[in-house]
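Novice: Input: one structure, supplied below.
The values are calculated or read from the model by the stated rules, or taken from the named source; none is laboratory data. Here the structure is a predicted model, which means the values were calculated and not measured. Because the Cβ atoms are built from the backbone with ideal geometry, glycine has one as well, and the counts that use them run over all protein chains shown. Side chains included, ligands, DNA and RNA excluded: accessible areas come from the protein's heavy atoms. Shrake-Rupley method; radii C 1.70, N 1.55, O 1.52, S 1.80 Å.
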Amino acid sequence: GNDQVRVNDVELRGPRYTVETLEHLRRQHPEEKFAWVMGSDQLAELHRWKGFPQLLGACHWIVLGRKPMGSQQGRFLLRQWEARGLCMPLGTDHWILAGHPTVLTLVDTPAPAISSSQIRDYIDQARWE
């Protein structure tokens, strides 16, 4: 119901890595700005994603701190990133990503600590049962 947000199914039929998805979307929509939304559990794994750390400059990042400890985990990880020179604080819950004109925002959310992978696994299991 938000006309400023659009869902795109590109990953259902194409790229499988975030860096490739963002490259594809930027080619399709060069005038648009993108933000990647993920849970704070994935922030802990982001350094393992294909194209890291250059991936940080591909879009803005919105990190959802899921209950019960997601926001605390996110802040802890971002302090580690600060020490490594990957980001600098912009204020409460906002960081500029070093060498890039992109921002990471940590958002507290009442969402439970369940990942999209866990949801997919649950759906797959339910199909078999």
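Novice: Might you work out the accessible area of Y17 for me, using a 1.4 Å probe with all protein chains in place, and round it to the nearest 10 Å²?
Specialist: About 120 Å², ignoring ligands and nucleic acids.
Novice: Write down the accessible area per residue of the chain in Å², having rolled a 1.4 Å probe over the full set of protein chains.
Specialist: Accessible area per residue, the chain: 68 Å².
Novice: In addition: Cβ under 11 Å from P112's Cβ, P112 left aside: what net charge do those residues give with Lys, Arg +1 and Asp, Glu -1?
Specialist: +2
Novice: Can you quote the Å³ per residue value for the convex hull of the Cα atoms in the chain, rounded to an integer?
Specialist: In the chain, the Cα hull volume divided by residue count equals 144 Å³.
Novice: Still on this structure: Can you pull the three principal axis extents for the Cα set of the range 1-60, in Å, largest first?
Specialist: Projected onto its principal axes, the Cα set of the range 1-60 covers 31, 24, 22 Å.
Novice: OK, next. Taking the Cβ of G65 as the center, what net charge do the other residues with Cβ under 13 Å away carry, scoring Lys and Arg +1 and Asp and Glu -1?
Specialist: 0
Novice: Among 20-33, 53-66, 74-87, how do they line up from the highest to the lowest mean number of other beta-carbon atoms within 10 Å?
Specialist: Descending mean neighbour count gives 53-66, 74-87, 20-33.
Novice: Between Q72 and Q118, what length comes free when the chain is fully extended (0.36 nm per residue of separation minus the Cα-Cα distance, one decimal in nm)?
Specialist: Working it through step by step, the gained length comes to 14.4 nm.
Novice: While we're here: Under the Karplus relation 6.51 cos²θ - 1.76 cosθ + 1.60, θ = phi - 60°, what is the ordered set of whole-Hz ³J(HN,Hα) values for the range 40-55, x standing for Gly and Pro?
Specialist: Coupling constants for the range 40-55: 5, 5, 6, 4, 5, 9, 4, 5, 9, 6, 4, x, 6, x, 4, 4 Hz.
Novice: Still on this structure: With +1 on each Lys and Arg Cβ and -1 on each Asp and Glu Cβ, and nothing else charged, work out how big the dipole of the range 1-68 is about its Cα centre, in Debye to the nearest 20.
Specialist: 160 debye
Novice: Leaving ligands, DNA and RNA out of it, rank M38, M69 by accessible area with a 1.4 Å probe, largest first.
Specialist: So the residues, ranked largest to smallest area, are M69, M38.
Novice: Which ³J(HN,Hα) values, rounded to whole Hz and listed in residue order, are derived for the range 70-75 from phi using the Karplus coefficients 6.51, -1.76 and 1.60 in 6.51 cos²θ - 1.76 cosθ + 1.60 with θ = phi - 60°, glycine and proline given as x?
Specialist: Residue by residue, the range 70-75 yields x, 5, 5, 4, x, 5 Hz.
Novice: Turning to a different aspect of this structure: Pop out the ³J(HN,Hα) list for the range 63-68 in order, Karplus 6.51 cos²θ - 1.76 cosθ + 1.60 with θ = phi - 60°, rounded to Hz; leave Gly and Pro as x.
Specialist: Going residue by residue, I get 10, 8, x, 6, 5, x Hz, with x marking Gly and Pro.
Novice: Another question, if that's okay. Please give the net charge around E32, taking every other residue with its beta carbon less than 12 angstrom from that of E32, where Lys and Arg add +1 and Asp and Glu add -1.
Specialist: Net of charged neighbours comes to +3.
Novice: Putting +1 on Lys and Arg Cβ atoms and -1 on Asp and Glu Cβ atoms, find which of W61, S116, V5 reaches farthest to the positive end of the dipole of the chain.
Specialist: Highest projection toward the positive end goes to W61.
Novice: Still on this structure, I have one more. Report, to the nearest whole %, how much of the accessible area of the chain belongs to carbon and sulfur atoms, 1.4 Å probe, protein only.
Specialist: 55 percent
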